[in-house]
Amino acid sequence: MSIEQEIIHYIYENHSHKKYGFFGPRPEVTPQTELTRGGLDIIWEDAEDTLSYYFRNWNVELNKFEITHYFAPDFLGSPEPEQPLKPLYVWMLVESAKAGRWLYD
């Protein structure tokens, strides 16, 4: 299995939930799938776990990766992000895994 297929499979198995909870189709995951708002809409807590696993499992150096560029905590009393959140796509994870380091800022 290629790195791209591994990452897509991981995201699909962990974040592509059925449309109506227990029934309905699961969204397809492709390199163009957005993990943030408007896409799979992964929440902060799940994003932390997923990205921690991603950096460890595919041996990707964090470089200047900041989770707060892509996800905002959604806890009661959490401040609004200072800057608009950036979209995070599966292709960004794939390309960074191939390079062995985070390529985006």
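We did not get these values from a lab; they are worked out from the coordinates using the rules stated. Nothing here was measured: the structure is a model prediction, and the numbers come from that model. For neighbour counting, all protein chains shown are included, and Cβ atoms are generated from backbone atoms with ideal geometry for every residue, glycine included.
Some notes on this structure:
- In the set Ser78, Ser96, only one residue is free of Cβ contacts under 8 Å to residues at least 24 places away in the same chain and either over 16 Å from Glu4 (Cβ atoms) or surrounded by 11 or more Cβ atoms within 10 Å (Cβ to Cβ) (or both); that residue is Ser78.
- When Gln32 is tested against (1) assigned to a loop (DSSP other than H, G, I, E, B); (2) touching a residue at least 40 places away in the same chain (Cβ under 8 Å); (3) out of contact with any helix residue (DSSP H, G or I) (no Cβ under 7 Å at 6 or more places or on another chain), just one condition goes unmet, and that condition is (3).
- Any hit, the range 55-74, residues being farther than 20 Å from Met1 by Cα, small (Gly, Ala, Ser) and either part of a loop (DSSP other than H, G, I, E, B) or touching a strand residue (DSSP E or B) at 6+ places or on another chain (Cβ under 7 Å) (or both): yes
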